[in-house]
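One structure is given below, encoded as structure tokens.
Derivation of every value follows stated rules applied to the coordinates shown; laboratory data play no part. Just so it is clear, the structure is predicted and the values come from calculations on it, not from any experiment. All Cβ positions, even for glycine, are placed from backbone atoms using ideal geometry, and neighbour counts span all protein chains on display.
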Amino acid sequence: MRFSTLVRHIREGTKNVFRNGWMSFASMGSIIVSLFILGVFMILALNVDKLASQIENQVEIRVYLQLGTEQAKIDDINRQIGRIPEVKKVTFVSKEEGLQRLKENLDPDAQSALDGYENENNPLPDAFDVEVFDPQKVADVAKQIQAINASDADQPILGVKYGQGTVEKLFKITNAVRNVGLIVVAGLAVMAMFLISTTVKMTILARRREIAIMKLVGATNSFIRWPFFVEGVLIGVFGAAVTSAILLYGYSWLIRTTQYDLGLMLIKFASMQDVGGFIAGTLLVLGALLGIWGSTVSVRKYLKV
Amino acid sequence: MRFSTLVRHIREGTKNVFRNGWMSFASMGSIIVSLFILGVFMILALNVDKLASQIENQVEIRVYLQLGTEQAKIDDINRQIGRIPEVKKVTFVSKEEGLQRLKENLDPDAQSALDGYENENNPLPDAFDVEVFDPQKVADVAKQIQAINASDADQPILGVKYGQGTVEKLFKITNAVRNVGLIVVAGLAVMAMFLISTTVKMTILARRREIAIMKLVGATNSFIRWPFFVEGVLIGVFGAAVTSAILLYGYSWLIRTTQYDLGLMLIKFASMQDVGGFIAGTLLVLGALLGIWGSTVSVRKYLKV
Amino acid sequence: MIEMHDIWKTYPDGTVALQSVNVVIDRNEFVYIVGPSGAGKSTFMKLIYREEVPSKGQLSVNGFNIGKLKQRKIPYVRRNIGVVFQDYRLLPKLTAYENVSFAMEVIEASKRQIRRRTMEVLDLVGLKHKAGSVPAQLSGGEQQRIAIARAIVNNPSVIVADEPTGNLDPETSWGIMKLLEEIHFRGTTIVMATHNKEIVNTLRKRVIAIERGTIVRDEPRGEYGYEI
Amino acid sequence: MIEMHDIWKTYPDGTVALQSVNVVIDRNEFVYIVGPSGAGKSTFMKLIYREEVPSKGQLSVNGFNIGKLKQRKIPYVRRNIGVVFQDYRLLPKLTAYENVSFAMEVIEASKRQIRRRTMEVLDLVGLKHKAGSVPAQLSGGEQQRIAIARAIVNNPSVIVADEPTGNLDPETSWGIMKLLEEIHFRGTTIVMATHNKEIVNTLRKRVIAIERGTIVRDEPRGEYGYEI
Ligand SMILES: Nc1ncnc2c1ncn2[C@@H]1O[C@H](COP(=O)(O)OP(=O)(O)OP(=O)(O)O)[C@@H](O)[C@H]1O
Ligand SMILES: Nc1ncnc2c1ncn2[C@@H]1O[C@H](COP(=O)(O)OP(=O)(O)OP(=O)(O)O)[C@@H](O)[C@H]1O
Ligand SMILES: [Mg+2]
Ligand SMILES: [Mg+2]
């Protein structure tokens, strides 16, 4: 191919975007709609993932000790728990600290209800907070800690708590959300493909005569394809750019307006830095690919004239 | 209009669906995609709503009494709480029942930890469970109950609990979910309108010549519009039927496969009876409207020949 | 029946297609419009069936003031005019039969009437055997004859034919001319643009010659030619 | 140069358009194809530039066996054939200039060459002043002349013209015929389907008459007519 021919193809492709006004607009519309939906779900997925790992990181085991366990025994148990390979960190929580925490969790009004339970009146047991490396191992580690009792006649461990099954429930929920999300994204991707291929087929149908005439004048297949290719890239990239702009602007707005409300619940959206580049990059690449795929692969059918 | 002309319009409209093969398919595709997305969000919304009201109904106030409060006093407080207009039901939970409930909430392994706390060793206070009519009034009612202390020198109420702010958090979450859902649905509806109007414009563009010729032969506007109307209804209704089928089949599959997992969490999807008719009905009406709107309103522009 | 007073037509791109055209065509006249390529013949015809509107001047057809016609009335004016377009304008997805019967459905004729009359005119143009073919399956001349059949099917009071024999061999052309003459004898006004010298010079009728947008000659029983 | 041996063409709907056609057209011949409407003239021409393929028989053009031609080779065969289609087939969104220059871009001519040659042929068909108009802004005859300009722009070795004067007035027609004759004198083979008796009988060339799909007459320096 001559260089001047390449220039011609790029010029033609660009011109065609405008010449086919409505058709270009419609193709771009399909791409925008598809990418928008995909983008929304990507953002959703990123946030669910972030939320899930936040929650997972908060999963701790609480080990309660018999009232009146001696300091030597406490240190021993501390060491024994620390030796379990899955355990990341063990923190001793004395009954005084426990009471303090309890108070902090209550309404200021209700805090006075705990007055008089300090020091020797403190009914709480001493305890350990145990963090594990892999949150999914929590149940297993809890059993191992409970087993320490077996080697000790004093049965110093009163109980091991890790949320009475809420952890399992939590994992079931986050896994379910992830799976449903995946299915929905896959379904929408198929819909998007259908949508774009339909638009493309309509565009091509409208231009079938045009392609036929070009062929009858002696144009080779690649000569016909090139401007379509350029057209596809332009439409795809532009569509993706528009989508990214809408999505990221909308997302930053969402973060700003919900900051206060959700901040109270210690829930935080994935930040713009985390999301922005990833979304824009993915959408631009996808947009270009969709555009190219749409405008070139489907031309093939009509090239056999 | 003669009856035979009406028959002719219906016949022509039906024929046109097939004559314009790809175009019809594309229009139907747009309608299916739009309705599908709308349907998914409708189902989501129905479930969130159901979940929210389930959770809301579970919101209760727990009123703890000072240790050793006499039966007469207990009955008196019971009556006072019952007199608050927002209160639906008051149930007395003795400390024995409280311990029993606590035990049931624990793992069988851990239940033995509570052995020895029965009867006179029971450290729990007596309590009331208070249900209110409107869950959003919980905080208010709690304050009124706490105020009973003010008229009693004994200060018989140890504390009033209703989830330490979790209720407020819950409402914030469910309201946020509802609002975000509404925004997303509105956004998608706009997208769907755009999508369909684009498809229609493309269809019309392809048939502009056809319409022009009809007009030049002396066809009135309504004569031209009728078959488009019939075509629109057919495409819209058929598209909606396909969408409903996909959605409801998919939903019943979802219910079936997650039944076991989610059943454990006491979470339940809205049933097919609740969802089925509503979704199918709404989609069919919307489909027909979209089809008619698409095929007739947009014809107008090209009727001025 | 057709009256033009100082008609001008300027297209949006600035092309002046007609300049100060004054013409009266009476009921039951037969008029040839001749002139070189690009003279304004098709524009002249398009004004009559209101595909284009005059930029200036007074035009009335069958008593209707075309310039001030209400949108709602246009179809009814057109129903009295049968048009053979220079580029045929057949509906590509309809068969030859449907392309013709369509024009009758528009005026809400009865089903039986439509069947009978459509087959009749297809026979008149010699294409009964091609009734089921779509335009893409017809030769150029065959498409032109379908266009003629559509124009005459409703027995309009005016027939406007833009080069109806452009793609026909001399023999078929004569067949079509005989058909038009017969229709003319039965009382139809015929306005026909043509380049066919032989036809114009043999079948002598009124000849209006247009050149560069102006009428340069208007003779009853004239000959082909447009140089002044 | 063009050789047909026992060529048959049956369209998918069963229409037999050509039956057992045998013809040899040499380099630098000028041939008229005549015949009534629907005889098979356009089909005959479509086979030459391979818009249609023969159902049976041997066809070679410029030494290529058209029936067995590889898809990849078709464009290069077509580049040596300039075609004037009966229905023009101009690209509706391109201007007159672009419609013509497009045929040169296809063969990757240089930009300067394209400019010069395109304006040259537009001038030859008398439409330099309409270079910027799209087909919808051109009269029937003007569109036809753009189609002719496109066919000759690349100096092909064969020109296949399907009724190139169907929508032209006699004077413009003669202009086009002079153009074709000049091109013919410079060594181009010309195959032209026509209904124009005057041209055929004045500008005497070889005449092939087709009727109902068969060649009924083939005379050097023949006259218009196809009855046996
Ligand atoms: N839609 C349009 N926009 C701009 N110019 C136009 C349009 N239609 C026609 N013209 C121009 O107006 C002039 C007259 O065109 P018209 O079609 O009336 O010619 P004609 O006499 O019918 O020619 P022919 O014999 O070639 O059909 C021509 O120069 C043509 O280019
Ligand atoms: N694509 C097609 N499918 C079916 N039949 C066709 C097709 N194209 C042409 N025909 C038929 O084949 C026959 C020959 O057609 P062709 O176009 O070759 O005629 P022609 O000699 O060019 O006529 P004209 O002078 O009217 O252009 C006609 O009867 C026509 O109806
Ligand atoms: Mg004209
Ligand atoms: Mg032909």
At D:Asp13, with labels set 7 Å past Cα in the Cβ direction, how many nm apart are the copies from this one, shortest first?
3.4
Amide H contacts of D:Glu29 (H built 1.01 Å from N, under 5 Å, at least 5 apart or other chain)
D:Ile190
Axis carrying D to C; for chain D the Cβ-nearest residue and its rounded Å distance come to D:Gly166, 2
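Among the listed pairs C:Lys128/D:Lys197; A:Lys161/B:Lys161; B:Lys301/C:Lys41; D:Lys73/D:Lys128; B:Lys50/B:Lys89; D:Lys46/D:Lys205, which have their C-alpha atoms separated by more than 31 angstrom in this model? Please list the in-between numbers first.
On the way: C:Lys128/D:Lys197 27 Å; A:Lys161/B:Lys161 22 Å; B:Lys301/C:Lys41 29 Å; D:Lys73/D:Lys128 34 Å; B:Lys50/B:Lys89 22 Å; D:Lys46/D:Lys205 21 Å.
Pairs exceeding 31 Å: D:Lys73/D:Lys128.
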Cβ-Cβ FRET estimate between C:Lys56 and A:Lys301, R0 fixed at 51 Å, reported to 0.05
0.55
At D:Asp13 and A:Leu46, where each label point lies 7 Å from the Cα along Cα→Cβ, what is the point-to-point distance in nanometres?
5.8
Kindly write out, for region C:210-223 in residue order, the coupling ³J(HN,Hα) from the Karplus curve 6.51 cos²θ - 1.76 cosθ + 1.60 (θ = phi - 60°), rounded to whole Hz, with x marking Gly and Pro.
10, 9, 6, x, 10, 7, 9, 7, 8, 10, x, 6, x, 10
Quantify how strongly other chains surround peptide D:162-172 by giving the mean number of their Cβ atoms within 10 Å of each of its Cβ atoms.
6
Computed from the beta carbon distance with a Förster radius of 45 Å, FRET efficiency for B:Asn179 and A:Arg83 to the nearest 0.05 stands at 0.35
Does anyone have the angle between helix C:111-124 and the longest principal axis of chain C? Alpha-carbon axes, 0 to 90°, nearest 10?
70
Gaussian network model of chain D, Cα within-10 Å springs - most flexible of D:Ile176, D:Ile107, D:Ile215:
D:Ile107
Can you give the angle from 0 to 90° between the axis of helix C:140-152 and the longest principal axis of chain C, with both taken from C-alpha atoms, to the nearest 10?
80
Under the Karplus relation 6.51 cos²θ - 1.76 cosθ + 1.60, θ = phi - 60°, what is the ordered set of whole-Hz ³J(HN,Hα) values for region B:9-15, x standing for Gly and Pro?
4, 5, 4, 4, x, 5, 4
How far is B:Asp274 from the same spot in each other copy, in nm, shortest first, if each label point sits 7 Å from Cα toward Cβ?
3.2
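Residue by residue through D:100-109, how many Cβ atoms from other chains fall within 10 Å of the Cβ on average?
Rounded to a whole number, the mean comes out at 4.
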Sum of -39500 (n - 2.57) over DSSP H runs of 4+, divided by residues of chain D (222 nm, nearest 500)
-9500 deg cm²/dmol
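Just checking the output field for A:216-227: average partner chain Cβ neighbours within 10 Å of each residue's Cβ?
6
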Amide H of D:Leu18: which non-local residues (sequence gap of 5 or more, or other chain) have their own amide H closer than 5 Å, using H built in the peptide plane?
D:Lys9
Residues of region C:160-191 with backbone N under 19 Å of the label point set 7 Å from the Cα of D:Glu219 along Cα→Cβ are C:170-171
Of all DSSP beta bridges with both partners in chain C, the antiparallel percent, nearest 5, is 50
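Provide the packing ranking of B:145-157, B:277-289, D:186-198, i.e. peptides ordered by the mean count of other C-beta atoms within 10 Å per residue, highest first.
Numbers: B:145-157: 13.9, B:277-289: 18.1, D:186-198: 20.3.
Sorting B:145-157, B:277-289, D:186-198 by mean packing, highest first, produces D:186-198, B:277-289, B:145-157.
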Across the identical copies, how the D:His129 labels are spaced - nm, sorted shortest first, 7 Å along Cα→Cβ:
4.8
Could you sort D:108-117, A:122-131 so that the peptide with the highest average Cβ count within 10 Å comes first and the rest follow in order?
A:122-131, D:108-117
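Taking R0 as 56 Å, what's the FRET efficiency between C:Arg72 and D:Arg27 from their Cβ-Cβ distance, rounded to 0.05?
Given R0 = 56 Å and the Cβ-Cβ separation, E is 0.35.
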Extended-chain gain in nm, criterion 0.36 nm per residue less alpha-carbon gap, A:Asn149 and A:Phe18
39.3 nm
For C:Val83, what residues show an amide H to amide H distance below 5 Å, using hydrogens built from the backbone and excluding near sequence neighbours?
C:Val160
